[in-house]
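The values are calculated or read from the model by the stated rules, or taken from the named source; none is laboratory data. Not measured: the values here are computed from a predicted model. As a convention, Cβ positions derive from the backbone with ideal geometry for all residues, glycine included, and neighbour counts pool all protein chains shown.
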Ligand SMILES: [Zn+2]
């Protein structure tokens, strides 16, 4: 677009120049505007354009530098030094499965993340998306064998920060799993601005999030097991807590609010124990070992 604008403005200038030049041919000496003046002014204009171009260029460089910096510090990029590798349970070709660094909300709480720095499901390439769904199906099967349901949640807030996408999986007892859609729908109806610009509850039963929410918008999305759930476009990020989904599950399970408001640190030994236990559950179902 920038390129097209530049080209059209250059064309406009040429047209303007030839119009002015033909006008000037008939001018008398008494006229105080000369061709020389015209060259000076168009040179000044070019200089102005050059400055604008430079400004745009340094803005783009600044943006990519900030993105690189946030990727280097990213705790979820697989290539990042900040990733706590001992929390990883399974590695696919595009995504990996890990347990949370802090105290888990429920036993079996886990994260599916893209290996590379992607910020939301609405911006995922097809191959990353489909492997994420494979991990989801595997987790549903695994928890089913423990007579547990599970919910999958994604909270994509402040898109400008370009945070790494995390799909959170929270297992819960079956009788609560059946109730989860009712709880979530009610919570979404009551969240955020009272008069929302966007439809408050977006139904994901017949289309997935990538076809329900435009790319670049902040949103919360929840799916129930293998069933599509709901999404909500976040209108006011100050009114929408980053722990919204966990608060709903925590409320259903009657947990203390400190379990979801802030991350509670967990020591290395407890983390290690958690990973080993999870890896034991995962092993018979491991979708990275069998071609599906
Ligand atoms: Zn990342």
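Odds and ends about this structure:
- Of the residues in the range 187-200, none is surrounded by fewer than 16 Cβ atoms within 10 Å (Cβ to Cβ) and in contact with a helix residue (DSSP H, G or I) (Cβ under 9 Å, 6 or more places away or on another chain).
- Taking (1) farther than 24 Å from residue 204 by Cα; (2) without any contact (Cβ under 8 Å) to a residue 60 or more places away in the chain; (3) within 15 Å of the ligand (Cβ to nearest atom) in turn, residue 55 satisfies each apart from (3).
- Being in contact (Cβ under 8 Å) with a residue 40 or more places away in the chain, within 16 Å of the ligand (Cβ to nearest atom) and out of contact with any helix residue (DSSP H, G or I) (no Cβ under 6 Å at 6 or more places or on another chain) holds for only one residue in 172, 167, and it is 167.
- Taken together, 203, 223 contain a single residue that is touching a strand residue (DSSP E or B) at 6+ places or on another chain (Cβ under 8 Å) and farther than 21 Å from residue 141 by Cα, which is 203.
Here's the yes/no breakdown for (1) touching a strand residue (DSSP E or B) at 6+ places or on another chain (Cβ under 9 Å); (2) touching a residue at least 60 places away in the same chain (Cβ under 8 Å):
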{"residue": "249", "(1), (2)": "yes, yes"}
{"residue": "256", "(1), (2)": "no, no"}
{"residue": "274", "(1), (2)": "no, yes"}
{"residue": "277", "(1), (2)": "no, no"}
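- From the list 211, 238, 232, 242, the lone residue that is assigned by TED's automatic domain parsing to the domain that holds residue 130, over 18 Å from residue 110 (Cβ atoms) and crowded, with 18+ Cβ neighbours inside 10 Å is 232.
- Which listed residue, of 104, 64, 80, 70, is within 16 Å of the ligand (Cβ to nearest atom), farther than 22 Å from residue 287 by Cα and assigned to a loop (DSSP other than H, G, I, E, B): 80
- Qualifying residues in the range 116-148 (those that are assigned to a loop (DSSP other than H, G, I, E, B) and within 16 Å of the ligand (Cβ to nearest atom)) - the one surrounded by the most Cβ atoms within 10 Å (Cβ to Cβ): 120
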